[in-house]
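What follows is a single structure, written as structure tokens, with notes after it.
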Amino acid sequence: MGKIRVGIIGGGISGTALGYHLSLYDNAEIVLFEKNAIGCGTTAKSAGTVCLFDDSLRNRYWDVRLYGFESYLKMEREEKGSAGFDKTGTLVIATSESVEKTIRTGIALTRAAGYEGAYITDKARIKEILPLIDVENILGAGYTQDDGYFDGTMISNTYARKMQKNGAAVRTMTQVVEIVVTGNKATGVKTSDGTSHAFDYVVDCTGPWSGFTGKMAGLDVPIWHTKAEAFFLSPPGKKLGYVFPVLKYPAFYALRAGDNVFICKSHLSMDLSNPMHAGQWDPDKLPSTGGTDDYFIEFLFEQMKASVPGLVESGLVSSWLSYRAEPKDFLPLLGKTSVEGYILATGYGGNGIIEAPAASRDLAKLIMTGESTPLLEDWAFERLLN
Ligand SMILES: Cc1cc2nc3c(=O)[nH]c(=O)nc-3n(C[C@H](O)[C@H](O)[C@H](O)COP(=O)(O)OP(=O)(O)OC[C@H]3O[C@@H](n4cnc5c(N)ncnc54)[C@H](O)[C@@H]3O)c2cc1C
């Protein structure tokens with residue numbers, strides 16, 4: 001069987017997960033280009049939470065969530081630390097009846113898959129799990145004990161190592177400067193080291209950069225940037241002294257980062273028409289730390305005052321700004337485009353760590369066998385053309 005040549009642009013979670021899944025096929029010939037280092041873009045600034053359930057991805061995509069979680073657990077089992085797992089458990093707060101309903105379904109799915117999960121209405125028990133929160137105005141909380149957060153950069157590097165072991169090439173510090181389009185077909189790329197590469201497929205895995213790379217292929221990739229502003233708090237008393245779980249409210253979430261607490265506005269609460277929340281910017285201009293707006297820290301302190309008063313007296317240790325790549329319906333953009341051979345694996349928004357393994361599994365199948373899947377149909381580029 002002839003080889004299928006695939007060029008991947010971008011070495012974040014999207015590009016490396018896809019490269020790994022493609023490398024499982026004997027007849028794939030893969031080259032991944034990353035203009036900097038593996039896992040150094042949005043992936044490096046991620047919270048990396050992969051909870052058995054929360055409100056960030058609808059229960060309809062349960063398989064996506066479970067496949068992501070179990071892929072990373074397997075990675076950790078093969079080599080401890082290779083996915084950077086911190087098993088803190090997750091506490092999802094029921095602030096209304098509709099949230100409560102989603103939580104109950106999530107807990108049922110968690111248990112059916114063989115993991116620990118409970119919907120708790122005993123407020124003393126909720127306080128025991130997380131002493132800092134106010135339980136007065138909540139209905140209950142979903143608690144899963146087997147999950148937590150991972151390290152996206154570690155995972156990307158592990159995937160990159162695995163794909164190389166399977167025969168793929170990974171070129172870091174190599175920028176794609178041109179996508180070669182002949183007629184209406186992408187036939188290869190040119191890179192910053194002055195070389196040209198011919199491919200059957202070029203896959204754009206550049207996340208927030210896809211507006212720029214899309215233009216190289218003559219395509220307008222409909223991606224907005226939402227500001228992901230993360231703040232690191234040092235809670236009063238310095239040491240947490242207990243396992244701070246991933247904490248999810250509809251408007252924000254928090255998790256531990258050593259003895260500090262990482263806190264961020266949730267991506268689904270971002271409004272694409274509000275210029276404070278979203279726009280189309282240049283990710284190369286992002287500073288490595290800082291660059292955050294007062295708007296977000298004020299918003300988060302307001303939320304904490306109402307929900308987690310025990311964190312309000314915290315000191316602000318550091319912060320960073322990053323851009324999530326979001327299509328207008330907050331779901332990824334996967335698969336074929338109107339330019340033949342130019343494929344997208346972008347728009348993962350606030351869920352890329354959760355979604356990349358299952359999306360890459362299906363996309364690799366499409367590229368290598370021509371077979372689509374229900375997930376690819378749901379997340380196809382064409383849905384946004386209507
Ligand atoms: C603060 C924050 C918290 C988050 N929390 C979570 C979470 O809890 N759970 C979760 O699942 N997700 C979370 N996310 C979302 C997740 O991190 C992203 O969806 C994911 O990392 C996107 O990965 P990517 O590979 O698409 O993009 P990136 O990681 O940005 O990778 C794109 C890569 O392309 C490279 N590139 C760009 N242009 C070129 C070119 N021309 N040539 C070569 N290389 C190029 C860049 O250098 C970059 O490395 C969070 C994100 C942020 C910012």
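Quick look at the numbers
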read-out: Checking residue 299 against (1) open to solvent by less than 10 Å² (accessible area, probe 1.4 Å); (2) within 16 Å of the ligand (Cβ to nearest atom), the condition it does not meet; value: (1)
read-out: Every residue from region 21-37 that is within 15 Å of the ligand (Cβ to nearest atom), hydrophobic (A, V, I, L, M, F, W, C) and open to solvent by 40 Å² or more (accessible area, probe 1.4 Å); value: 37
read-out: Filtered residue count, region 206-248, keeping only those that are assigned to a loop (DSSP other than H, G, I, E, B), of a type in the set (Gly, Ala, Ser), within 15 Å of the ligand (Cβ to nearest atom) and not assigned by TED's automatic domain parsing to the domain that holds residue 8; value: 0
read-out: Pairs with Cβ under 9 Å, 6+ apart, first in region 295-321 and free of Cβ contacts under 8 Å to residues at least 40 places away in the same chain, second assigned to a helix (DSSP H, G or I); value: 301/311; 312/301; 312/304; 312/305
read-out: Filter result for residue 148 (under 22 Å from the mean Cα position of the chain (by Cα) and either farther than 20 Å from residue 257 by Cα or within 16 Å of the ligand (Cβ to nearest atom) (or both)); value: yes
read-out: Extreme residue, nearest to the ligand (Cβ to nearest atom), among residues of region 270-294 that are open to solvent by 90 Å² or more (accessible area, probe 1.4 Å) and not in a loop (DSSP other than H, G, I, E, B); value: 284
read-out: Hits in region 256-269 (condition: within 9 Å of the ligand (Cβ to nearest atom) and touching a Leu at 6+ places or on another chain (Cβ under 7 Å)); value: 262
read-out: Residue within region 200-215 that is open to solvent by 50 Å² or more (accessible area, probe 1.4 Å), closer than 16 Å to residue 346 by Cβ and among the hydrophobic types (A, V, I, L, M, F, W, C) present; value: yes
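For (1) closer than 24 Å to residue 115 by Cα; (2) assigned by TED's automatic domain parsing to the domain that holds residue 130; (3) part of a helix (DSSP H, G or I), each residue gets a yes or a no:
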position: 8; (1), (2), (3): no, no, no
position: 11; (1), (2), (3): no, no, no
position: 15; (1), (2), (3): no, no, yes
position: 32; (1), (2), (3): no, no, no
position: 36; (1), (2), (3): no, no, no
position: 63; (1), (2), (3): yes, no, yes
position: 71; (1), (2), (3): yes, no, yes
position: 98; (1), (2), (3): yes, yes, yes
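The values are calculated or read from the model by the stated rules, or taken from the named source; none is laboratory data. What you see is a predicted model, and the numbers here were worked out from it, not measured in a lab. A quick note on method: Cβ atoms are made from the backbone with ideal geometry, for glycine too, and the neighbour counts reach across all protein chains shown. Keep in mind that these areas ignore ligands, DNA and RNA; they rest on the heavy atoms of the full protein, side chains included. Shrake-Rupley method; radii C 1.70, N 1.55, O 1.52, S 1.80 Å.
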